[in-house]
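In what follows, a structure is listed as structure tokens, so that the remarks can point back to it.
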Protein chains: 2
Amino acid sequence: MATIAILGYGTVGSGVLEVLRRNAASIERRAGQPVTVKYICDIRDFSSHPDAALFVNNIDVILSDPEVTAVVETIGGLKPAYFYVKSALESGRHVVTSNKELVATHGAELLAIARRRGVCFLFEASVGGGTPIITPMHQCMAANVISEIAGIVNGTTNFMLTKMARENMDFGAALKLAQSLGYAETIDPSADVDGIDAQRKISILASLAFGRHFFPQNVPTRGIRDVSVKDIALAARQGAAVRLIAWARRGDDGSVALAVEPMLIPRENQLAGVEDVFNAVLVKGDMLGDVVFYGKGAGKLPTASAVVADVIDALKNGVKIHDSLFWQESAPIEGLYGDSTPADHYVRLENATEAVAKDLFGQQIEMLDTSDGEAVFTLRGVTSGRLAELCAKARAAGVRVGNTLKWMAE
Amino acid sequence: MATIAILGYGTVGSGVLEVLRRNAASIERRAGQPVTVKYICDIRDFSSHPDAALFVNNIDVILSDPEVTAVVETIGGLKPAYFYVKSALESGRHVVTSNKELVATHGAELLAIARRRGVCFLFEASVGGGTPIITPMHQCMAANVISEIAGIVNGTTNFMLTKMARENMDFGAALKLAQSLGYAETIDPSADVDGIDAQRKISILASLAFGRHFFPQNVPTRGIRDVSVKDIALAARQGAAVRLIAWARRGDDGSVALAVEPMLIPRENQLAGVEDVFNAVLVKGDMLGDVVFYGKGAGKLPTASAVVADVIDALKNGVKIHDSLFWQESAPIEGLYGDSTPADHYVRLENATEAVAKDLFGQQIEMLDTSDGEAVFTLRGVTSGRLAELCAKARAAGVRVGNTLKWMAE
């Protein structure tokens, strides 16, 4: 019998207990032994909970019990999760977490401690909720060198963009709806709408794919606040969808670029068809080409089932399998991982004629729309830096730049 | 250093050698040791090949060399692959194969031998080419009970259906194009177009998901020969795509249904957007909901890279991880795994008015088209058996049934 502890009895933590109980028989068969929760650590009062006997409010009880071989961390945030996870690993326990902030901030250090102590540190649920992404990336694609990742990794913003497209709902109304459904935080929704959640997730995926730690604060990040219903409708008329994309790319020279930004996705791309709260991550391997992993990005039971799969994995295999799930420690860089690759951009000028637009952005721009006194066009093959210069020039000439969005390459 | 042998130097076998050489550094890092090919077994003459020194034409040379710890089988078919693989497993070697016919026919027996001998029998490349499907299914979804699988698992027919839809090409022309591109066999293309390849793959996936061996010969199978350009165009007008779907479903009562059949897929379904030679498999877990794995279904390097990932896995972990990659032996059933679940069906009658159609199939049918003297409609909530009765009745009344296609449930 394997004895485990759960740290944090919120949505995911309570889901882990539920999954372990509901699928106990098949989990026992796969883990080769029954998996029992002996402790749940939570500072809140659960004295009237049916499982009250399991609750403790001090992690030392867990760490001093030699029966506990694996710890599940579902507290979220850095305090006290970081200290708890570090202590559990140092004490020789496997740790499984769903905490993306923790992995994005301290992943390399925690992986190094796990390796040194001969235990697992696993975090499939930190990206894509329950959708398998991290394991297929490091295990099934082990014979590939990964050059690019591009994903829809935040279900809340994808839900909002879907509503904006389907029901002509503006950003504010879509946000209110997402909040009322519990998808976005009521007090401060910025983790979702400003791309912070996606920034953490792409940091994790890039670290895994490229072998060294990439820090969230170095990822150029733009959320969906300035995406308008008009942008989405114009995109649809061009056969494209607007999606918040977290991407990372490694050039042949070893240079790495990362970003989180809303982009125009041509309909033929698998990512364009990802709607509602679903997530999808496209990974490009040098041997394999493109693969896409798609599934529901969040939710109590999906996320909990990914945590439990990692627990099974840790109990069965110990550290041996996970040598490939590792990346080197590194220091944050000054500034951001900029993108100097030329790309096509959608540009919407709020008060300009076609002639003015061509005068400012060049005769070769491809006009998409000139209704309502706006000039909307595609500008091909420019870097983000060059685009910023052109927009600054336009503003200096009294033109309001409504929005610019990068086209995803086909 | 790990020493391996490759059996069969065809497309996939030569790809395995190429992947191992091209990505030698990263493969060594992940496997924890260099991986070297010592033998290639092929009965053909490779005496002028640059690697002529590696070739042997007798498997005994390989099986009597204690340095060889893993064998890759990429011969295909049952003879001599079955005997070779069995001998290699019996002799205590890990075996990795891309051979779907072998796994679909003898998988349970070979898994049992591998378990008894404490070695791995791995076959990620047998379904979906290089796309990770089998490993995520048994490992990442370990905390789920799988109730349903539905996939596009044959790239050749998907390519043909895509061409028929996009370019109005008829079946014969699409087949010729697929043959000229090397996607379909020139002499007998029936493995692809009659669904035999898909039948083997769904047998493997169902065996893995439901825990006992399902034999290809028990899977009701229909290919794409009778899908016309007209059916595809009518489907498109209904916002649906025609796709060859291999599916398996387990009811709450434990009953299992499997089939390979062309179906109408509503555009909102992720499978509808899968085009060209791509594959995609949708798996439904009780905790996780739907996940989809998408990628290029075949090709030398993609498939070879999946084989190599399995080799790395076997060398690193031995048999421990693979207790969950197992199913029980069983006997073929008499007859087929029928589907008694009511579903919506598209029906095209070649010589009937709306009134005649309603008279034969019921007043509640939903007419889709009545041009060219045909009556095309959707009939909701009937079993395949009931539909067959109704079609027989129509034929008896002198009406030609152009085609019937099941709608995939939304």
Seminar exercise, completed: (1) at pLDDT below 95; (2) in a strand (DSSP E or B) all hold for A:Tyr346 apart from (1)
For this session: Quick one: count up the residues across the stretch A:232-267 that are under 22 Å from A:Asn279 (Cα atoms), in contact with a strand residue (DSSP E or B) (Cβ under 7 Å, 6 or more places away or on another chain) and touching a residue at least 40 places away in the same chain (Cβ under 8 Å).
Result: 22
For this session: Inspect the stretch B:331-347 for any residue being within 14 Å of chain A (Cβ to nearest Cβ), surrounded by 14 or more Cβ atoms within 10 Å (Cβ to Cβ), touching a strand residue (DSSP E or B) at 6+ places or on another chain (Cβ under 6 Å) and of a type in the set (Phe, Trp, Tyr) and give the result as yes or no.
Result: no
Exercise. What are the residues in the stretch B:20-69 that are within 14 Å of chain A (Cβ to nearest Cβ) and closer than 25 Å to B:Lys86 by Cβ, if any?
Worked result: B:Leu20, B:Val35, B:Val37
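Quick grid of which residues meet (1) touching a residue at least 60 places away in the same chain (Cβ under 8 Å); (2) buried (at least 17 other Cβ atoms within 10 Å of the Cβ); (3) under 19 Å from A:Cys120 (Cβ atoms):
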{"site": "A:Arg21", "(1), (2), (3)": "no, no, no"}
{"site": "A:Gln33", "(1), (2), (3)": "yes, no, yes"}
{"site": "A:Cys41", "(1), (2), (3)": "no, yes, no"}
{"site": "A:His49", "(1), (2), (3)": "no, no, no"}
{"site": "A:Ala53", "(1), (2), (3)": "no, no, no"}
{"site": "A:Asn57", "(1), (2), (3)": "no, no, no"}
{"site": "A:Asp60", "(1), (2), (3)": "no, no, no"}
{"site": "A:Glu73", "(1), (2), (3)": "yes, yes, yes"}
{"site": "A:Gly76", "(1), (2), (3)": "yes, yes, no"}
Exercise. Among the residues of the stretch A:349-381, how many are under 16 Å from A:Lys393 (Cβ atoms) and among the basic types (Lys, Arg)?
Worked result: 1
Exercise. Of the residues in the stretch B:168-199, how many are assigned to a helix (DSSP H, G or I), touching a residue at least 40 places away in the same chain (Cβ under 8 Å) and under 15 Å from B:Ile245 (Cβ atoms)?
Worked result: 3
Exercise. For the stretch B:137-148, which residues satisfy the criterion of being at the interface with chain A (Cβ under 9 Å from one of its Cβ atoms), under 21 Å from B:Gln199 (Cα atoms) and of a type outside the set (A, V, I, L, M, F, W, C)?
Worked result: B:His138
Exercise. Taking the condition under 16 Å from B:Leu315 (Cα atoms) and surrounded by fewer than 14 Cβ atoms within 10 Å (Cβ to Cβ), does B:Glu67 pass?
Worked result: yes
Problem set entry | Extreme residue, modelled with the lowest pLDDT, among residues of the stretch A:302-321 that are more than 9 Å from chain B (Cβ to nearest Cβ) and surrounded by fewer than 24 Cβ atoms within 10 Å (Cβ to Cβ) | A:Val319
Exercise. Among all residue pairs at least 6 apart or on different chains, which show Cβ distances below 8 Å where the first residue, located in the stretch A:322-341, is acidic (Asp, Glu) and the second is surrounded by fewer than 18 Cβ atoms within 10 Å (Cβ to Cβ)?
Worked result: A:Asp323/A:Arg115; A:Asp323/B:Gly32; A:Glu329/A:Glu109; A:Glu329/A:Ala112; A:Glu329/A:Arg212; A:Asp339/A:Pro220; A:Asp339/A:Thr383
For this session: Assess whether B:Gly299 counts as being within 9 Å of chain A (Cβ to nearest Cβ) and touching a Ser or Thr at 6+ places or on another chain (Cβ under 6 Å).
Result: no
Problem set entry | Test: B:Phe215 is buried (at least 18 other Cβ atoms within 10 Å of the Cβ), of a type in the set (Phe, Trp, Tyr) and within 15 Å of the chain's Cα centre (by Cα) | yes
For this session: Take A:Arg117 and decide whether it is farther than 24 Å from A:Gln217 by Cα, among the charged types (D, E, K, R) and more than 14 Å from chain B (Cβ to nearest Cβ).
Result: yes
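Test of understanding: among B:Leu111, B:Leu102, B:Leu89, B:Leu122, which residue is away from every other protein chain (no Cβ under 14 Å), within 17 Å of the chain's Cα centre (by Cα) and at pLDDT 95 or above? Break it down stepwise before answering.
On the way: B:Leu111 fails: within 17 Å of the chain's Cα centre (by Cα); B:Leu89 fails: within 17 Å of the chain's Cα centre (by Cα); B:Leu122 fails: away from every other protein chain (no Cβ under 14 Å).
When all the criteria are applied, what remains is B:Leu102.
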Seminar exercise, completed: Those residues of the stretch B:244-256 which are surrounded by 20 or more Cβ atoms within 10 Å (Cβ to Cβ) and either of a type in the set (A, V, I, L, M, F, W, C) or not assigned by TED's automatic domain parsing to the domain that holds B:Val227 (or both) amount to B:Leu244, B:Ile245, B:Ala246, B:Trp247, B:Ala248
Exercise. Are there any pairs, at least 6 apart or on different chains, whose C-beta atoms fall under 8 Å, with the first in the stretch A:112-125 and touching a residue at least 24 places away in the same chain (Cβ under 8 Å) and the second polar (S, T, N, Q) and part of a loop (DSSP other than H, G, I, E, B), and if so, which?
Worked result: A:Phe123/A:Ser98; A:Phe123/A:Asn99; A:Ala125/A:Ser98
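Out of curiosity, is B:Lys284 in contact (Cβ under 8 Å) with a residue 40 or more places away in the chain, at the interface with chain A (Cβ under 7 Å from one of its Cβ atoms) and either closer than 22 Å to A:Pro132 by Cβ or under 19 Å from the mean Cα position of the chain (by Cα) (or both)?
Details: in contact (Cβ under 8 Å) with a residue 40 or more places away in the chain: yes; at the interface with chain A (Cβ under 7 Å from one of its Cβ atoms): no; either closer than 22 Å to A:Pro132 by Cβ or under 19 Å from the mean Cα position of the chain (by Cα) (or both): yes.
The answer is no for B:Lys284.
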Exercise. In the list B:Ala248, B:Ala165, B:Ala142, which residue meets the criterion of being in a loop (DSSP other than H, G, I, E, B) and hydrophobic (A, V, I, L, M, F, W, C)?
Worked result: B:Ala142
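The values are calculated or read from the model by the stated rules, or taken from the named source; none is laboratory data. As the structure is a computational prediction, the values presented were derived from the model and not from experiment. Cβ coordinates were reconstructed from backbone atoms using ideal geometry, including for glycine residues, and neighbour counts include every protein chain displayed.
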